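Contents: one structure, followed by commentary.
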Amino acid sequence: MATSIKTVLITGASQGLGFDMARGFLAAGSSVVISGRDPEKLARAAQQLGGGDRVAVVAGDIGDAATGRAMVATALARFGSVDVLINNAGIFQPKPFLDVEEKDLERFWRTNLLGTFFTSQAVVPAMKQQGGGAIINIGTVLIDHAAKAFPVTAPMTSKGAIHGLTPNLAAELADDNIRVNTIAAGIIRTPLHDPSQVDQLAGLHLLNRIGEPNDITEAALFLAQNNFVTGVILPVDGGNVAGR
Ligand SMILES: NC(=O)c1ccc[n+]([C@@H]2O[C@H](COP(=O)([O-])OP(=O)(O)OC[C@H]3O[C@@H](n4cnc5c(N)ncnc54)[C@H](OP(=O)(O)O)[C@@H]3O)[C@@H](O)[C@H]2O)c1
């Protein structure tokens with residue numbers, strides 16, 4: 001590792017990408033604070049990760065600002081620092097535009113956008129105090145490369161806002177040595193997708209396969225370590241945005 005990363009906060013890490021990123025950062029020697037809504041699922045994930053004392057859990061809805069604050073308090077109490085935040089918790093569900101109701105929009109905004117916004121607000125004071133840090137958001141290629149097969153205007157209003165805030169927050173926090181980047185993920189094999197059908201989406205990517213969670217973990221490790229990358233939307237998408 002170019003830089004030693006002591007403590008990493010990962011939202012929505014009881015399964016899928018968040019779980020794999022927790023695995024990856026533990027393997028790199030970091031301690032992790034992981035979150036999710038379901039306390040039992042989270043406890044099982046913590047056990048499966050096998051990091052012992054280097055894993056702490058905080059159960060709660062990430063759309064509630066108190067959850068992010070609790071993650072920061074736990075990180076400081078258990079590990080003494082807040083070095084990296086990964087705003088990973090997110091929900092996704094296709095629905096035709098004319099069927100979208102206000103409650104659908106509110107659900108996407110609360111989890112995807114407010115969760116990212118509030119949790120970032122929670123970590124910044126601690127990062128400022130310790131002289132820097134990194135915030136990594138998880139976005140999607142669908143912002144820059146829509147597909148007729150996915151009627152996803154509703155979730156994209158929240159993910160697009162995350163892409164939009166990335167360079168602006170990077171500018172606002174640059175003097176505090178806090179870097180802000182977003183990974184625009186392609187289709188990745190996680191419980192979000194039907195396992196019997198997800199490989200049929202391989203053709204959306206130039207590399208003609210879907211992504212594996214470790215593809216995203218490796219990008220997160222890079223963005224956490226590299227001290228000269230900020231304000232970037234990094235596609236990790238097998239060439240989905242590049243062409244067809
Ligand atoms: N997989 C893909 O192809 C893909 C592509 C592009 C972007 N992404 C993004 O990558 C991120 C992770 O996706 P994934 O595929 O790993 O999804 P996933 O398998 O469904 O996992 C989502 C995780 O987030 C947690 N979560 C959901 N809502 C939450 C809330 N309100 N508060 C706290 N935790 C919450 C879930 O635990 P609980 O249910 O217990 O809360 C779970 O641990 C998401 O932001 C997603 O939009 C995924």
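Counting only residues that are within 10 Å of the ligand (Cβ to nearest atom) and assigned to a strand (DSSP E or B), which one in region 67-122 is farthest from residue 51 (Cα to Cα)? Of everything passing the filter in region 67-122, 87 is farthest from residue 51 (Cα to Cα).
As a summary of the residue check, residue 106 satisfies the conditions (1) in contact (Cβ under 8 Å) with a residue 24 or more places away in the chain; (2) closer than 16 Å to residue 90 by Cα; (3) among the charged types (D, E, K, R) except for the one numbered (1). Does residue 209 satisfy the condition of being of a type in the set (Lys, Arg) and crowded, with 18+ Cβ neighbours inside 10 Å? Considered against the rule, which asks whether it is of a type in the set (Lys, Arg) and crowded, with 18+ Cβ neighbours inside 10 Å, residue 209 comes out as no. Here region 131-189 is the region considered, the condition is being under 13 Å from the mean Cα position of the chain (by Cα) and assigned to a helix (DSSP H, G or I), and the residue that is farthest from residue 92 (Cα to Cα) is 166. The sole residue among 141, 152, 198 that is more than 22 Å from residue 9 (Cβ to Cβ), in contact with an Asp or Glu (Cβ under 8 Å, 6 or more places away or on another chain), hydrophobic (A, V, I, L, M, F, W, C) and surrounded by 15 or more Cβ atoms within 10 Å (Cβ to Cβ) is 141. Residue count for region 190-209, restricted to those that are within 12 Å of the ligand (Cβ to nearest atom) and either part of a loop (DSSP other than H, G, I, E, B) or of a type in the set (S, T, N, Q) (or both): 7. Only one entry in 26, 42 is more than 10 Å from the ligand (Cβ to nearest atom) and either among the acidic types (Asp, Glu) or surrounded by fewer than 24 Cβ atoms within 10 Å (Cβ to Cβ) (or both), namely 26.
Among residues of region 123-139 being more than 11 Å from the ligand (Cβ to nearest atom) and among the β-branched types (Val, Ile, Thr), the one that is nearest to residue 21 (Cα to Cα) is 136. No other residue among 43, 13, 27, 22 is farther than 22 Å from residue 227 by Cα and either without any contact (Cβ under 8 Å) to a residue 12 or more places away in the chain or touching a strand residue (DSSP E or B) at 6+ places or on another chain (Cβ under 6 Å) (or both) apart from 13.
Take the conditions in contact with a His (Cβ under 8 Å, 6 or more places away or on another chain) and closer than 18 Å to residue 87 by Cβ and apply them to residue 166. Does it pass? Taking the combined requirement at face value, the residue does not satisfy it. None of 89, 75 is within 23 Å of residue 190 (Cα to Cα), touching a residue at least 24 places away in the same chain (Cβ under 8 Å), in contact with a Ser or Thr (Cβ under 7 Å, 6 or more places away or on another chain) and not β-branched (Val, Ile, Thr) except 89.
Read-outs: derived from the displayed coordinates by stated rules, not from any lab. As the structure is a prediction and not an experimental result, all values here were calculated from the model. Reconstructed Cβ throughout: ideal geometry from the backbone, glycine too, with neighbour counts over all protein chains shown.
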